[in-house]
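The values are calculated or read from the model by the stated rules, or taken from the named source; none is laboratory data. Worth saying up front: this structure is predicted, and the values here are computed from it rather than measured. Cβ placement follows ideal geometry from the backbone for every residue including glycine, while neighbour counts extend to all protein chains displayed. Please note that ligands, DNA and RNA were not included when accessible areas were found on the heavy atoms of the full protein model with its side chains. Shrake-Rupley method; radii C 1.70, N 1.55, O 1.52, S 1.80 Å.
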Amino acid sequence: MIRIIDFYFFALKVAIALLLAGMVVLVFGNVVLRYAFNQGITASEEISRIFFVWLTFLGAVVALREHGHLGVDTLIKRLPPVAAKVAVLLGHAMMLYVTWLMMSGSWTQTLINLHVSAPATGLSMGFFYGAGLAFGVPAFLILLADAFAIATGRIDVTTAELVRDSEDEVALDSPPTATLGPLPVKH
């Protein structure tokens, strides 16, 4: 089961990369066509917008699974262990509720707009609003699994890293990359 879940998130990362590449090709290609050949791709902006929405929602699912989202846990770290556990579970309950609202709203909008065509491409606008479902269902399951693990004690909230305090911590946790430093100045 773990291998299936890992493969699913690997597929999400590949989809995100392909969506980003598609956006770059569409937007850059459209700019080149407009300036160099006085032509353009009519559907370029619309498809790029759909790609961006899907990229954002799929990226949010990956970030949620990896606990890569930014947050502040200063209060949780200062609470006694039982109070910290209650506070984290209350936070998860609120996130589950908001995710449920997101899923139900996306489902409603998808059904309403299923037969509405986008102006340039003719694609169903239900596909556009379906991105909320593509986020909501896995996010709900991730939050539910995390809440269950916290409630059963498999995740200790006093030692676990549930959020990142800043982007600097994210940068410190990632492996160093080779960069060129400033060139030496001769006097």
| field | Conditions (1) closer than 25 Å to F128 by Cα; (2) open to solvent by 30 Å² or more (accessible area, probe 1.4 Å): number failed by V61 | value | (2)
| field | Selection count, the range 75-86, where residues are part of a helix (DSSP H, G or I) and free of Cβ contacts under 8 Å to residues at least 24 places away in the same chain | value | 5
| field | Criterion: more than 30 Å from V14 (Cβ to Cβ) and open to solvent by 30 Å² or more (accessible area, probe 1.4 Å) - qualifying residue of T121, T56, T158 | value | T158
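Which residue is modelled with the highest pLDDT, if the candidates are limited to the range 37-51 and must be out of contact with any helix residue (DSSP H, G or I) (no Cβ under 7 Å at 6 or more places or on another chain) and open to solvent by 70 Å² or more (accessible area, probe 1.4 Å)?
Only one residue fits best here, namely R49.
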| said: Among the residues of the range 6-23, are any more than 19 Å from G130 (Cα to Cα) and modelled with pLDDT under 90? | reply: no
